[in-house]
Amino acid sequence: MKRKTTRKSKKNENSFVQDLLLQLLKTIPQSMMNALVIGGVIIALIVGAYFLLRNSDVSIGNEATVKLSPTTIEQMEAIGQWEFLAISDEEIADTVRKGIFRDDELVRIYKGTLRLGIDMADARKDWIRQSGDTVTIVLPPVKLLDENFLDEAATKSFYETGKWSQQARKQLAEQARRKMLNRCMTKANIETARQNAVAQFRQMISSMGFKHIDIKVSSTQTKSQSSKTKSSKTKSSKTKSKSTKTTSKSAKSSSKSTVKSKKNN
């Protein structure tokens, strides 16, 4: 009889505790219940991940090095031209044609956008290399990506007297084009485009998992530098032609002297 009474009392106590817990749960708002459930799930995931990493042989320091696949390199090369700086410019070009009674004048306003970047077609074969966890990149030089940067639709005639041929208008447009090149293709703008290229490529390569990245951009020759090299080449060719002339003259003089000596003999 005592055992039965004790079992009944335990059952009554358990049912009382269950009823009390149910009543307490009913009093808790639904939003708080959701928060508690989500928090419990997050804690369980964190604890499980901790014990999984602790018991496994995988460690962050001993991760396998990421490798650049040929497919990834081909995808980067397939993009072709990469634009890193766009410069909008507006120039006024004018020309005057002398006449007997009056002079004709043509003044036009030209607009254009010069896009600076790199062309992967100019890159060398080993432009990207991997040595362990280090990636070395040598990008092609920054250049003007499109030579036809004048916006013909936005061209306006500011002042015009007389009749002008299409050839004269083309020459005027070429004058404006040269002005835009001189104004926009400067060392400062080219350096800005180079810095943007390095930053974007560094971000792209680091997103692949690489930490040690060395990026260089090949040097770009400005118009002044190219004109200097051309002038130096022409000067060297002139000096060579002069030297050949002097040698031919000396050869002629030596041949004359030999002829004279033969006659004397």
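The values are calculated or read from the model by the stated rules, or taken from the named source; none is laboratory data. Note that the structure is a prediction, hence the values are computed from the model and not measured. A quick note on method: Cβ atoms are made from the backbone with ideal geometry, for glycine too, and the neighbour counts reach across all protein chains shown. Heads up: the accessible areas ignore ligands, DNA and RNA and are worked out on the full protein's heavy atoms, side chains in. Shrake-Rupley method; radii C 1.70, N 1.55, O 1.52, S 1.80 Å.
Partners of residue 211 within straight-line reach, counting aspartates and glutamates whose Cα lies under 15 Å from its Cα and excluding those fewer than 8 residues away in the same chain: 63, 133. Taking all protein chains as shown and a probe of 1.4 angstrom, residue 198 keeps an accessible surface of around 40 Å².
Over 25 Å apart at the Cα level, from the set 67/187; 98/170; 125/179, are 67/187; 125/179.
Dipole check for the stretch 96-210: with +1 at the C-beta of Lys and Arg, -1 at the C-beta of Asp and Glu, and the Cα centre as origin, the magnitude is about 380 Debye. Carbon-plus-sulfur accessible fraction, the stretch 141-215 (probe radius 1.4 Å, protein heavy atoms only): 47%.
Considering the stretch 95-146 at the alpha-carbon level, its Rg and Dmax are found to be 24.1, 79 Å. Taking all protein chains into account, the per residue accessible area for the stretch 122-188 stands at 63 Å² (1.4 Å probe).
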